[in-house]
1. Starting with the fewest neighbours, write out Tyr63, Tyr58 ranked by other beta-carbon atoms found within 10 Å of each beta-carbon.
2. For every other residue with a beta carbon closer than 13 angstrom to the beta carbon of Asn21, add +1 if it is Lys or Arg and -1 if Asp or Glu, then tell me the sum.
3. What full-extension length gain, to one decimal in nm, is calculated for Ser53 and Leu4 as 0.36 nm per residue of separation minus the Cα-Cα distance?
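Read-outs: derived from the displayed coordinates by stated rules, not from any lab. Being a predicted model, the structure only gives us computed values, none of them experimental. Every residue, glycine as well, gets a Cβ built from its backbone with ideal geometry; the counts of neighbours run over all protein chains shown.
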Amino acid sequence: MTQLQVRAIEKARRELQRAKNELNVHRISETRYRGIPTISSIVSNDNAADATSVTLIYRGQTYQK
């Protein structure tokens, strides 16, 4: 196996791992409530107590939790 082939295989493995990580991040952020997709995102506020507040979207309506 040549050095060029080894580099190509290593690059392909890195790209595959990156794609797996991106998919995992998306799956963690997506939840379903009664079969309807709901994407949650963490909202950062200046107040430390409100740092855990989450903005949710349900059937097109955005709300804070």
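1. Numbers: Tyr63 9, Tyr58 13.
Starting with the residue having the fewest Cβ neighbours, the order is Tyr63, Tyr58.
2. Numbers: positive: Arg13, Arg14, Arg18, Lys20, Arg27; negative: Glu15, Glu22.
Net local charge, Asn21 excluded: +3.
3. 12.7 nm
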